[in-house]
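Comments concern the structure below.
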Amino acid sequence: MASQDWFEKDFYAILGVPRDADAAAIKKAYRKLAKQYHPDRNEGDPSAEQRFKDVGEAHAVLSDPKQREEYDAVRSMAGGGARFRAGAGGPSGSGGFEDIFSAFGGGAGGGGTRVRFSNGRGGYDAGGEDVNDILAQMFGGAAAGGARGGDPFGGFGAPRGPRRGADVQARTTLSFRDAVAGSTVTLTTAEGRRITTKIPAGVRDGQKIRLRGKGAPGDQGAPAGDLILTVSVEKHPVFGREGDNITVDLPVTFAEAALGATVPVPTLDGSSVKVKVAPGTPSGRVLRVKGRGVHTRHGTGDLLARVQVVVPQRLSDEARRAVETLREAEGDADPRAAVFQQAAT
């Protein structure tokens, strides 16, 4: 592709992505548009065929880091510096894009070697001269600059401003209690910097938290990057979590479940609340305590106590006689009858 095309075509607009789109966003946009305008789905539609070609052309340049960098530099020149137009000179006497560069290939007045451009990675054929050297001559840079480090334009294109610092990844582990209540942690970076930050209440296992300006330092005058902190939450021996609700298994005796009772339930803050177990409560029934769950900026969850009827492992003689009396009183009642009936349907 000729660099003249790069001045005229906005590949970001063609793909419908912002200029700072990452490689994944570019690839996703390309796949969507390529599928939409594929000739097999638009047979006989020349506009769709051209759109398909434009999308492929844009993806070919923007998906290649080196070509994308050069393209951005060329577009920067087109937007804020010299303007180049293809074709023969107009009434004003200005020459075409290639005519401007031909003066650097030999002979003034456009009489020298024509400058040719290609889309290969190996650079550009400028009649024996490096295109970066040509640009350096045009814009006042040293001919020995360019990609080798002396070009004030970073090798090809307009001057770059101070670069923002890079984002940094980090991990931390919190106890279940600290994750629910919130905590303050201190991290040490690879450079030895210590960063103290507050973890908000209700953070989940695997959640990522972005700490603005806590990443790698930027160039002078540019902001630092961000710190992306991934939080791991340890399991608790008693409590669990379902969304913003805290769960706990609540053991009750057979008598409490059968006859009903009011029993205490532990809470995460170390206190307890009392819940009423209705007569005939089975194992697995969930008793809800409002407002004793995870507190976040979106609201507060509940405490869910799941009843677990405890079967005694050993019975005294008196207890055994009582259970046998209960069995005789139940007669031929079959607790599994409904299950077998439903299984047969």
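The values are calculated or read from the model by the stated rules, or taken from the named source; none is laboratory data. On a predicted model such as this, the values are computed, not experimentally measured, just so you know. Here the Cβ is made from the backbone with ideal geometry for all residues, glycine too, and neighbour counts use every protein chain on show.
Among the residues in segment 202-219, are any modelled with pLDDT under 90, of a type in the set (D, E, K, R), surrounded by 15 or more Cβ atoms within 10 Å (Cβ to Cβ) and in contact with an Asp or Glu (Cβ under 9 Å, 6 or more places away or on another chain)?
Yes, there is a match, as at least one residue in segment 202-219 is modelled with pLDDT under 90, of a type in the set (D, E, K, R), surrounded by 15 or more Cβ atoms within 10 Å (Cβ to Cβ) and in contact with an Asp or Glu (Cβ under 9 Å, 6 or more places away or on another chain).
From the list G284, G260, G291, pick out the single residue that is on the phi > 0 side of the Ramachandran plot, surrounded by 13 or more Cβ atoms within 10 Å (Cβ to Cβ) and either of a type outside the set (S, T, Y) or touching a residue at least 12 places away in the same chain (Cβ under 8 Å) (or both). Give the steps one after another, and end with the answer.
Details: G284 fails: surrounded by 13 or more Cβ atoms within 10 Å (Cβ to Cβ); G291 fails: surrounded by 13 or more Cβ atoms within 10 Å (Cβ to Cβ).
The conditions single out G260.
Taking segment 238-250 only, how many residues are at pLDDT 95 or above and small (G, A, S)?
1
Within segment 180-200, work out how many residues are crowded, with 16+ Cβ neighbours inside 10 Å and farther than 16 Å from T230 by Cβ.
Number of matching residues: 2.
In this structure, is S272 exposed (fewer than 12 other Cβ atoms within 10 Å of the Cβ), under 45 Å from the mean Cα position of the chain (by Cα) and not assigned by TED's automatic domain parsing to the domain that holds D178? I'd like the intermediate steps shown before the answer.
Details: exposed (fewer than 12 other Cβ atoms within 10 Å of the Cβ): yes; under 45 Å from the mean Cα position of the chain (by Cα): yes; not assigned by TED's automatic domain parsing to the domain that holds D178: yes.
Answer is yes for this residue.
Would you check if there is a residue in segment 38-53 being in a loop (DSSP other than H, G, I, E, B), at pLDDT 90 or above and under 35 Å from the mean Cα position of the chain (by Cα)?
No, segment 38-53 has no match at all.
Identify, please: which residue in segment 183-229 is without any contact (Cβ under 8 Å) to a residue 12 or more places away in the chain and in a strand (DSSP E or B) and is, among those, nearest to T296 (Cα to Cα)?
Among those that are without any contact (Cβ under 8 Å) to a residue 12 or more places away in the chain and in a strand (DSSP E or B), it is T186.
Determine which single condition S232 fails, assuming it passes every other condition in (1) of a type outside the set (A, V, I, L, M, F, W, C); (2) surrounded by 14 or more Cβ atoms within 10 Å (Cβ to Cβ); (3) not in a loop (DSSP other than H, G, I, E, B).
Among (1) of a type outside the set (A, V, I, L, M, F, W, C); (2) surrounded by 14 or more Cβ atoms within 10 Å (Cβ to Cβ); (3) not in a loop (DSSP other than H, G, I, E, B), the lone unmet condition for S232 is (2).
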